[in-house]
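One structure is given below, encoded as structure tokens.
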Amino acid sequence: MVKRIIIANWKMNPISVVEAKTASRGISKIATKLKKTDVVIAPSFTHIPLVSLPKNVFLGAQDVFWDTKGAFTGFVSPAQVSSLGVSHVIVGHSERRALGETDEMVNKKVKAVLREKMVPIVCIGEKDHDSSGAYLSFLSNQIKSAFKSVIRSDFQKVIIAYEPIWAIGKEAKDAMNATKLHETVLYIQKILGEMYGRELSLKVKIIYGGSVKEENASDLILNGEVKGFLIGGASLKAETFNPILKIVDSL
Ligand code: PGA
């Protein structure tokens, strides 16, 4: 059985370590009991060593630099987060791209994360879902650049998080429509198929992010045909995150 995966992207929240510990403890209570779903919690760098998670709940980072060590003031390397027990790293989130992260930088980070034997969660997503379909070639370019010169044996470890920017941080009713999501997933698989062959393109986990809540979780999984979620707002508290975990695990 291939497990689904749900990633809590805490972004720059919460402020205190006490709050982070409370949330991670609350989430772990349920996460540790799931049978068909892996859970990753990605806190801020400052909180990573301080949230203690049970063995079967994974620790994530929200970003990394591409070099291993050296004169890079203010940056954090893949080897450094790996040494803290991080197994998954979010790369190329739209909030970072909006601040200047380019496709080339995303590609370097993907390769650096793989070099450290961690799983890159590679974010892609268009700003506008135009009816003429221009967003499809935008997605295709993002995919081709992100995985440029990533070899097959590495590619099979990656997770692709499709996060349309227009659907992030809103109400559940504003999330992407599940049928539209399925169409986009098929398109992403087509592009991946051209790069790595059909079999591998169907194996790699494609997950969704953007206003995932308890109300839309089952529809997005079942009709959107995604293998999990990357969740921001609703992942900050056990009260809003755990119901989603339970729903997805029951499907
Ligand atoms: P959201 O964020 O769940 O708050 O929409 C998702 C994300 O940005 O990863």
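The values are calculated or read from the model by the stated rules, or taken from the named source; none is laboratory data. Keep in mind it's a predicted model, so treat the numbers as computed, not measured. Methodologically, a virtual Cβ is constructed for each residue, glycine included, from the backbone with ideal geometry; neighbour enumeration extends over all protein chains shown.
Out of all the residues in the stretch 130-137, is one or more more than 17 Å from the chain's Cα centre (by Cα) and within 16 Å of the ligand (Cβ to nearest atom)? There is no residue in the stretch 130-137 that is more than 17 Å from the chain's Cα centre (by Cα) and within 16 Å of the ligand (Cβ to nearest atom).
One residue is enough: does the stretch 187-209 have a residue meeting the conditions modelled with pLDDT of 95 or more, within 13 Å of the ligand (Cβ to nearest atom) and not aromatic (Phe, Trp, Tyr)? Yes, the stretch 187-209 contains a residue that is modelled with pLDDT of 95 or more, within 13 Å of the ligand (Cβ to nearest atom) and not aromatic (Phe, Trp, Tyr). Does the stretch 97-112 contain at least one residue that is polar (S, T, N, Q), in a helix (DSSP H, G or I) and farther than 21 Å from GLU163 by Cβ? No, the conditions are met nowhere in the stretch 97-112.
A search for C-beta distances below 8 Å between a residue of the stretch 222-251 that is within 20 Å of SER94 (Cα to Cα) and free of Cβ contacts under 8 Å to residues at least 60 places away in the same chain and any residue that is within 14 Å of the ligand (Cβ to nearest atom) and outside any helix (DSSP H, G or I), counting only pairs 6+ apart in sequence or on different chains, returns ALA234/VAL212; ALA234/LYS213; ALA234/GLU214. Scanning the stretch 221-242 for residues that are away from the ligand (no atom under 14 Å from the Cβ) and crowded, with 16+ Cβ neighbours inside 10 Å returns ILE221, GLY224, GLU225, LYS227, ALA238, ASN242. Scanning the stretch 56-72 turns up one or more residues that are within 17 Å of PHE241 (Cβ to Cβ) and among the aromatic types (Phe, Trp, Tyr). Considering only the stretch 147-171, state which residues are closer than 17 Å to ILE6 by Cα and either of a type in the set (A, V, I, L, M, F, W, C) or in a helix (DSSP H, G or I) (or both). Answer for the stretch 147-171, where residues must be closer than 17 Å to ILE6 by Cα and either of a type in the set (A, V, I, L, M, F, W, C) or in a helix (DSSP H, G or I) (or both): VAL158, ILE159, ILE160, ALA161, ILE168.
Are there any pairs, at least 6 apart or on different chains, whose C-beta atoms fall under 7 Å, with the first in the stretch 86-114 and within 16 Å of VAL158 (Cβ to Cβ) and surrounded by fewer than 19 Cβ atoms within 10 Å (Cβ to Cβ) and the second modelled with pLDDT of 95 or more and small (Gly, Ala, Ser), and if so, which? So the pair list comes out as ASP103/SER145; ASP103/ALA146.
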